[in-house]
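> Here you go, one structure.
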Amino acid sequence: MYQETWMNNKGLVEEKEWVNHIKQLNPKTANLKNAIIQSIEKRIPKQKFGIMFSGGIDSTLIALLCKGHDFICYTAGLENSQDLEVAKKAAKDLGLTLKHKTLSLKQAEKIIKQTTKIVGPDTMKVGVGSVFQAVMQLAKKDGIKILFSGLGSEEIFAGYERHLNSDDINEECWSGLKQMWQRDLTRDYQIAKLNGMSILTPFLDDKLIQTAMAIPGQEKIIKNVKKYPLRIAALSLGLPEEYSFRPKKAAQYGSRFDKAIEKLTKQNKFKYKADYLKSLFNLGVLFSSGKDSTYSAYLMRDYNLACLITIKSENQDSYMFHTPAIDLTKLQAKSMNLPLVIGKTKGKKEIELKDLEKTIKKAKKKYDLHGIATGALYSNYQRERIEKICEKLGLMVFSPLWHIDQEEYVETLIKSEFKIMIASVAAQGLTDKHVGKIIDTSFLNHLKKLNQKVGLNVAGEGGEYESIVLDCPLFTKQIKLDYKIVKDHHSARLVVVKSVLA
């Protein structure tokens with residue numbers, strides 16, 4: 001299967017590699033028309049291929065320069081889609097084979113749901129990605145495995161409003177190119193991968209980027225006409241003025257998928273599109289009974305919280321997992337009206353990761369999960385290993401507490417009416433007398449003093465203390481418990497004797 005230079009056999013290159021690569025593409029003067037022709041011609045595969053076609057300058061120019069080869073253009077949109085109508089006219093005028101589909105709202109809803117599960121509930125990504133998903137489904141029916149995309153043209157030729165309003169157009173172009181990895185490339189590659197297809201992006205060709213970026217920024221927008229050099233080049237290559245200078249809306253608007261999302265949001269009685277999309281995304285929460293995982297679930301409550309996932313470790317000093325009062329997760333899950341998936345591990349370093357993967361895989365299958373939420377604050381050890389497992393299982397990872405200010409975080413927990421009990425201590429300044437205490441303003445002030453005195457992490461991220469949540473806004477009932485305290489050298493922990501919901 002054909003892969004672009006910015007992909008490797010495992011998927012996309014790392015974001016860091018992509019950014020460094022873009023930085024190295026210093027501008028060099030060259031002939032723009034030749035660079036465009038060469039970039040497209042060298043990518044034309046021997047097998048039959050497709051072109052994502054909207055009637056805009058990017059896709060129409062690609063189609064024009066591919067004439068003589070075996071390909072089909074594909075377009076999809078809702079009723080009154082501007083792209084759909086222009087694409088049909090352009091295909092007729094240029095003698096191109098076009099497969100198109102006008103989607104009903106119900107059909108669009110299905111596409112939107114599929115796309116949300118792939119790229120996450122990001123309004124912009126779902127809007128653009130839904131067009132991509134719809135086109136790929138059309139192409140798959142014809143056995144097409146490779147699709148040309150016009151991605152990248154807007155960045156190198158200054159096609160966005162932010163370019164028009166920039167003091168330094170080319171600097172804005174470079175900035176946009178660096179951000180494409182996270183904003184565009186991962187989205188399109190994820191969709192293509194799940195459809196068993198590859199995408200070709202001639203406007204992200206190294207030589208073409210160099211050529212385009214050698215053009216002074218002020219020459220890329222003339223009399224408010226964006227992408228001016230590309231339009232002139234297209235005109236001289238034989239593309240009619242109607243298409244060379246067609247002012248085009250972004251894909252989600254030209255296809256009317258944005259309107260579909262808006263209508264579905266209202267139909268499902270949501271105020272915001274983002275909240276509607278979140279409701280389509282099944283999320284599992286790695287849950288330990290402590291404040292971090294519980295607050296993470298609270299922050300992600302607008303998603304469809306499908307289940308909680310708990311790992312019971314036999315090793316009280318596990319590198320990965322919270323162990324004090326771990327059995328309370330059953331009561332907490334019941335109070336949140338959420339199913340609980342429990343996995344077990346002996347807690348041996350690295351081996352415990354296999355047990356975690358097995359448990360997440362089980363939860364994914366049972367509850368059709370699309371992502372996992374974690375309570376990671378600063379631990380790269382935990383976060384990186386969870387992300388590696390989820391990437392393998394095709395799940396997105398959300399860490400809403402990552403690098404949050406520790407003092408503000410604990411203050412927020414108190415203000416948000418989280419009733420949090422200290423379950424264990426293992427740090428200078430904390431003794432067995434603190435076990436069983438509720439984290440309130442007084443206790444927070446004590447933690448702040450210890451932070452200033454001995455550097456204790458106020459949020460307990462370094463293992464200075466562990467916690468259990470007895471009540472919070474997600475609970476229908478709070479937990480009441482009896483416990484005893486077990487001391488061991490310089491640490492102490494709480495052992496639950498009896499616990500009930502009340």
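No lab work stands behind these numbers, since they all come straight from the coordinates. Predicted model only: the values in this text are computed from it and were never measured. Virtual Cβ from ideal backbone geometry, glycine too; neighbours counted across all protein chains shown.
> Taking a ≥ b ≥ c as the square roots of the eigenvalues of the Cα gyration tensor of the stretch 7-265, is the shape rounded (a/c under 1.5), prolate (a/b larger than b/c) or oblate?
rounded
> With everything on Cα atoms, drop me the angle between helix 169-180 and the longest principal axis of the chain, reported from 0 to 90° to the nearest 10.
Between helix and principal axis, roughly 60 degrees.
> Describe numerically, in nm with one decimal, the distance between label points set 7 Å from Cα along Cα→Cβ at Gln267 and at Trp402.
3.4 nm
> A further question on this structure: Nearest 20 debye, what's the magnitude of the dipole of the chain about its Cα centre given +1 on Lys and Arg Cβ and -1 on Asp and Glu Cβ?
Charge dipole of the chain: 1680 debye, to the nearest 20.
> Go ahead and run the numbers for FRET between Lys23 and Glu417, Cβ-Cβ distance against an R0 of 41 Å, rounding to 0.05.
Values: r = 48 Å, r/R0 = 1.16.
It comes to 0.30.
> Just to verify a number: FRET efficiency for Lys366 and Leu194, C-beta to C-beta distance, R0 = 22 Å, to 0.05?
Result of the calculation: an efficiency of 0.60.
> Moving to a separate point now. Sorting check: for 70-77, 287-294, which peptide has the highest mean count of neighbouring beta carbons within 10 Å, and how do the rest follow?
287-294, 70-77
> Along the Cα→Cβ direction, 7 angstrom out, place labels at Ile222 and Lys392. What is the inter-label distance in nm?
Result for the modelled spin labels: 5.6 nm.
> Placing +1 on the Cβ of each Lys and Arg and -1 on the Cβ of each Asp and Glu in the chain, which of Leu331, Thr431, Thr374 has its Cα farthest towards the positive end of the resulting dipole?
The one lying farthest along the dipole's positive direction is Leu331.
> Additional query: Rounded to the nearest Å, what's the spacing between the alpha carbon centres of the stretch 332-408 and the stretch 156-173? Just the number, please.
A separation of 40 Å, based on Cα centres.
> Fewest Cβ neighbours within 10 Å first, please rank Trp402, Trp181 accordingly.
Trp402, Trp181
> How much length would be gained if the chain were fully extended between Lys92 and Phe443, taking 0.36 nm per residue of separation minus their Cα-Cα distance, in nm to one decimal? Present the calculation step by step, with values, prior to reporting the outcome.
Working: separation 351, 0.36 × 351 = 126.36 nm, distance 7.37 nm.
Using 0.36 nm per residue and subtracting the Cα-Cα distance, I get 119.0 nm.
> Among Val86, Val458, Ile420, flag the residue with its Cα farthest along the positive direction of the charge dipole of the chain, charges on Cβ as +1 for Lys/Arg and -1 for Asp/Glu.
Val86
> One quarter of the convex hull surface, Cα atoms only: what value does that give for the stretch 56-187 in nm²?
With every direction weighted equally, the projected area is 9.1 nm².
> May I ask what percent, to the nearest 5, of DSSP beta bridges between residues of the chain are antiparallel?
Antiparallel: roughly 40 percent of the beta bridges in the chain.
> Now, a different point. Please determine, in degrees from 0 to 90 and to the nearest 10, the orientation of helix 32-41 with respect to the longest principal axis defined by the Cα atoms of the chain, where the helix direction is its Cα long axis.
Relative to the chain, helix 32-41 is tipped by roughly 70 degrees.
> Restricting to DSSP H runs of at least four residues, report the calculated mean residue ellipticity at 222 nm for the chain, -39500 (n - 2.57) per run over all residues, nearest 500 deg cm²/dmol. Don't skip to the answer; put the middle values down first.
Numbers: 22 runs with 220 residues, N = 502.
My calculation for the chain gives -13000 deg cm²/dmol from helical runs alone.
> In the neighborhood of Ala502, defined by Cβ-to-Cβ distances under 15 Å, what is the net charge if each Lys or Arg adds +1 and each Asp or Glu adds -1? Kindly include the intermediate steps, with their values, before the conclusion.
On the way: positive: Lys334, Lys419, Lys477, Lys480, Lys498; negative: Asp471, Asp482.
Taking every Cβ under 15 Å from that of Ala502, the sum is +3.
> Another one. Take the Cβ-Cβ distance between Val486 and Gln179 as r, set R0 to 56 Å, and report the resulting FRET efficiency rounded to the nearest 0.05.
The calculated FRET efficiency here is 0.60.
> Measure nothing fancy, just the Cα-based angle from helix 351-367's long axis to the longest principal axis of the chain, in degrees from 0 to 90, nearest 10.
Taking the Cα atoms of the chain, the angle to 351-367 is about 70 degrees.
> Still on this structure, please answer the following. With a cut-off of 19 Å, note down the residues of the stretch 187-213 whose backbone N falls inside the zone around a label point 7 Å from the Cα of Leu237 toward its beta carbon.
199-213
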